[in-house]
Amino acid sequence: MDRTHVVLPAGEIDRQREFTRRAAALLRQRGRRILAMVDTYGCQQNVADSQRIMGMLREMGCGFTRDPGQADVIVINTCAIRENAEKKVFGVVGQLVHVKENNPDAIICLCGCMAQQEAVARKVRQSYRHVDLVFGPQALWKFPELLYEVCAGRRRVFSIADEHGTIAEGLPVVRESGVKAWVSIMYGCNNFCSYCIVPYVRGRERSRNPADILAEIRQLAEAGCREITLLGQNVNSYGKDLDEPMDFAGLLEEIDRIPGEYLIRFMTSHPKDADRRLFDVMAKSAHVARQLHLPVQSGSSRVLKAMNRGYTREQYLEKVRYARQVMPDLVLTSDIIIGFPGETEEEAMETVSLIEEVRYDALFTFIYSPRPGTPAAQMPDPVSRAEKQVWFDKLLDAQNRISGELHREYVGKRLTVLVDGESGDPQWPLSGRTHGGRLVHLRGEASLIGRYAEVNITGSNTWALFGEL
Ligand code: 5AD
Ligand code: SF4
């Protein structure tokens, strides 16, 4: 699609600012301080989207609360990746009926990936009549206009048109931390892995202009931000749709030139497009963390083909070998799906053998969840949930042992750790991350937050390291 139709003209964003002013005026008429609550489910992209929604709400004059009973505007930003995530959200939204009974003026909004699905919108229209506004990820930038329509007309608004998707620059943002920031570099996905709903709800791949990304990162680095995570469903596709092509490795090289004491992380990399050039650029860069989230999904080449992943077990392993050759200290993590339709026990055990071979630092593991509308949801799926659970437990046991062993190797070492927050545990009051992204619990003063500390690692478990300054 022509870029001029993808990047929204500045006039569109100005128009939304006008709706922001009008919505603010209507909300002010309520004669009290207006509070908003934004509740976020799912991935980091949703977290980043919620920060934009909060930015728009702040410009409408809203303060923020975590208590739905206090809120005039409630936004539930949802995830559709698995059925469990959807069930949880329906539970939360169902509860909000009581909030609406107590405060009929409260405006309840449902957005994110669930909202983009027609079946969900239909269900909300019929059975969740207390929900005022439903909009999908492609309509996020229009939130001021949509909210204004609800306020002005006191009617329900649904904006879930299935679109290619656009890029909106210059949206306001509320960043919850001065230490860490999310920066979306692209939106949407064209990969259509056969189990995945994302390409149906987040539109086609579209890359932000490098100049806009670089300006945002420069600003963050100047403001003292220490850790910047670049986001995209598949960052390795970055740039394919730009007028002047630039690949993801090229973007990393440009970012790396920005001065400052900060780390760059990124997610998610698709193994089919992660190439040697990317690993070489990571290896020689000053700011890019030696950390890679490279979801393999399965260790069976037959299952990978059925998943439409575009690589075999051997090709994946070859990429990992090369990445570790140029970055021996690389921290490697992955996503796994167990129980894909038609997967046999033997194939599931190929996944266990793959993780034994790779020895990931950590894994995100899921049991397959059918997503209506995806090809995999039509495939015969004869294996019982109980049997899949047995395979899943074997995978977890193996990974927990591996993570525990890898973490034990850190004990006695001295590491640089970015102290990023308080843990709530009086024994280990601070938490931080190593350059490779491993979680470290440590003792020290809250004044260390936002600073790098040299930490002696004294203990470990399956999930984290423990250390002293
Ligand atoms: N069922 C289970 N897991 C899924 N994922 C994506 N779709 C599904 C599904 N239908 C997992 C994949 C992906 C991660 C974000 O969620 O492992 O990498
Ligand atoms: Fe889903 Fe595959 Fe796209 Fe990732 S790359 S969002 S798993 S379709």
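Are any residues in the stretch 317-376 part of a loop (DSSP other than H, G, I, E, B), of a type in the set (S, T, N, Q) and more than 16 Å from ligand 2 (Cβ to nearest atom), and if so, which ones?
The answer is Thr344, and nothing else.
Go through the stretch 280-304 residue by residue and tally those that are within 17 Å of the chain's Cα centre (by Cα) and outside any strand (DSSP E or B).
Count: 2.
Which of the residues belonging to the stretch 190-203 are in contact with a helix residue (DSSP H, G or I) (Cβ under 9 Å, 6 or more places away or on another chain), away from ligand 1 (no atom under 11 Å from the Cβ) and either open to solvent by 10 Å² or more (accessible area, probe 1.4 Å) or in a helix (DSSP H, G or I) (or both)?
Of everything in the stretch 190-203, those that are in contact with a helix residue (DSSP H, G or I) (Cβ under 9 Å, 6 or more places away or on another chain), away from ligand 1 (no atom under 11 Å from the Cβ) and either open to solvent by 10 Å² or more (accessible area, probe 1.4 Å) or in a helix (DSSP H, G or I) (or both) turn out to be Asn190, Phe192, Val201, Arg202.
Can you pull out the residues in the stretch 225-238 that are in a loop (DSSP other than H, G, I, E, B) and either within 16 Å of ligand 2 (Cβ to nearest atom) or open to solvent by 30 Å² or more (accessible area, probe 1.4 Å) (or both)?
Matches in the stretch 225-238: Arg226, Gly232, Gln233, Asn234, Tyr238.
If I filter the stretch 377-417 down to residues being in a loop (DSSP other than H, G, I, E, B) and either touching a residue at least 60 places away in the same chain (Cβ under 8 Å) or among the basic types (Lys, Arg) (or both), which single residue comes out as farthest from ligand 1 (Cβ to nearest atom)?
From the stretch 377-417, those in a loop (DSSP other than H, G, I, E, B) are 379-384, 409-413; that's our starting set.
Filter once more, so that each one left must be either touching a residue at least 60 places away in the same chain (Cβ under 8 Å) or among the basic types (Lys, Arg) (or both): 379, 413.
Values: Met379: 12, Lys413: 31 Å.
Step by step, filter the stretch 377-417, then rank; the result is Lys413.
Any idea which of Ile53, Ile13, Ile81, Ile74 is assigned to a strand (DSSP E or B) and β-branched (Val, Ile, Thr)?
From the options Ile53, Ile13, Ile81, Ile74, the qualifying one is Ile74.
Against the definition (open to solvent by less than 50 Å² (accessible area, probe 1.4 Å) and either within 16 Å of ligand 1 (Cβ to nearest atom) or farther than 25 Å from Lys88 by Cα (or both)), how does Ile213 come out, yes or no?
Working: open to solvent by less than 50 Å² (accessible area, probe 1.4 Å): yes; either within 16 Å of ligand 1 (Cβ to nearest atom) or farther than 25 Å from Lys88 by Cα (or both): yes.
So Ile213 fits the description; yes.
Which of the residues belonging to the stretch 83-95 are open to solvent by 70 Å² or more (accessible area, probe 1.4 Å) and either among the basic types (Lys, Arg) or within 16 Å of ligand 2 (Cβ to nearest atom) (or both)?
Selection gives Glu83, Lys87, Lys88.
Step by step: first the residues of the stretch 325-347, then only those that are open to solvent by 60 Å² or more (accessible area, probe 1.4 Å) and touching a Phe, Trp or Tyr at 6+ places or on another chain (Cβ under 9 Å), then the one that is nearest to Ser194 (Cα to Cα). Which residue is that?
My answer is Glu345.
Can you find a residue in the stretch 286-303 that is open to solvent by 20 Å² or more (accessible area, probe 1.4 Å), over 27 Å from Met246 (Cβ atoms), more than 16 Å from ligand 1 (Cβ to nearest atom) and touching a residue at least 40 places away in the same chain (Cβ under 8 Å)?
Yes: the stretch 286-303 contains one or more residues that are open to solvent by 20 Å² or more (accessible area, probe 1.4 Å), over 27 Å from Met246 (Cβ atoms), more than 16 Å from ligand 1 (Cβ to nearest atom) and touching a residue at least 40 places away in the same chain (Cβ under 8 Å).
Given the condition in contact with a Lys or Arg (Cβ under 7 Å, 6 or more places away or on another chain), of a type outside the set (S, T, N, Q), more than 22 Å from Cys79 (Cβ to Cβ) and open to solvent by less than 10 Å² (accessible area, probe 1.4 Å), answer yes or no: does some residue in the stretch 249-259 qualify?
yes
Is it the case that Ala221 is more than 18 Å from Ser50 (Cβ to Cβ) and either crowded, with 16+ Cβ neighbours inside 10 Å or within 15 Å of ligand 1 (Cβ to nearest atom) (or both)?
The answer is yes for Ala221.
The values are calculated or read from the model by the stated rules, or taken from the named source; none is laboratory data. Note that this is a predicted model, so its numbers are computed, not measured. Cβ sites come from the backbone with ideal geometry, for glycine too, and all protein chains shown count toward neighbours. Accessible surface is based on the protein model in full, side chains and every heavy atom, while ligands, DNA and RNA are left aside. Shrake-Rupley method; radii C 1.70, N 1.55, O 1.52, S 1.80 Å.
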